[in-house]
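The values are calculated or read from the model by the stated rules, or taken from the named source; none is laboratory data. Note that the coordinates shown come from a computational prediction; the quantities given were computed from them, not determined experimentally. For neighbour counting, all protein chains shown are included, and Cβ atoms are generated from backbone atoms with ideal geometry for every residue, glycine included.
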Amino acid sequence: MNTPASPETTPIGTVLIDRTEISSRIAELAGEIDAAYASLESPLILLSVLKGSILFLADLARSLTVPVELEFIAVRSYEGTQSTGSVELVKDVSMPLRDRDVLMIEDIVDTGTTIAFLHEHIRRHAPRSVRLASLLNKESRREKSVTVDYVGFDIPDRFVIGYGLDYDGIYRNLPDIRVLDTDGD
Ligand code: 5GP
């Protein structure tokens, strides 16, 4: 019988950002976002990009005091540790975004390809405003010019897992963000 990997018995990679740092940074970001959206006309739509952003979404949403609605969108853009460079819409939004304030919630902005695609796509829904909050940012890998309005952490060009981020579908449940060394170093 296969035993699922446990963070306690099978630590993988090395911790880059631990759960305490994540939690205090999210509290800071929530303060900035609350202040920026203090005079909303209708609840802020937190648009989570599935699946990687759901843990960030859950913690950020609970730290915010402004009224929010939760919405989800799904794209496919990455295989293994290599970007495919192309983005496919897997699940569109299921609520009208016209004249609404939308805050896209991402796990990580790497080349910027995914978020450039999503920004363009969401704009076609004619929202009142669109901004982006990303837990992680790999600025050195950028290929597309994108604005990340709220950044949790700038990180180096390493493949990370945990706190929502996967490697081939697993490790999303690890509570810390870890560097996965795929080259065995
Ligand atoms: P981009 O389109 O900006 O190149 O990549 C965005 C997507 O690639 C992210 O939403 C994430 O799914 C994936 N990605 C980029 N870097 C990493 C990483 O270091 N770890 C993991 N698990 N996924 C990553």
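May I ask you to list pairs of residues, at least six apart or on different chains, whose Cβ atoms are under 8 Å apart, with the first in region 133-148 being free of Cβ contacts under 8 Å to residues at least 24 places away in the same chain and the second being part of a strand (DSSP E or B) and more than 8 Å from the ligand (Cβ to nearest atom)?
Every condition considered, the pairs that remain are GLU139/ASP154; THR147/LEU132.
In region 99-124, what residues are of a type in the set (S, T, N, Q) and in contact with an Asp or Glu (Cβ under 7 Å, 6 or more places away or on another chain)?
THR111, THR113, listed by residue number.
Confirm whether LEU57 is among the aliphatic types (A, V, I, L, M), closer than 26 Å to ASP157 by Cα and modelled with pLDDT of 95 or more.
Yes.
Which residues, counting only those in region 149-177, are farther than 24 Å from LEU103 by Cβ, acidic (Asp, Glu) and under 15 Å from the mean Cα position of the chain (by Cα)?
ASP176
Which residues, counting only those in region 36-52, are under 10 Å from PHE72 (Cα atoms) and assigned to a loop (DSSP other than H, G, I, E, B)?
Once the filter is applied, which keeps residues that are under 10 Å from PHE72 (Cα atoms) and assigned to a loop (DSSP other than H, G, I, E, B), region 36-52 yields only LYS51.
So SER48 passes all but one of these: (1) within 16 Å of the ligand (Cβ to nearest atom); (2) within 16 Å of GLY162 (Cα to Cα). Which condition number does it fail?
Of (1) within 16 Å of the ligand (Cβ to nearest atom); (2) within 16 Å of GLY162 (Cα to Cα), only one is false for SER48: (2).
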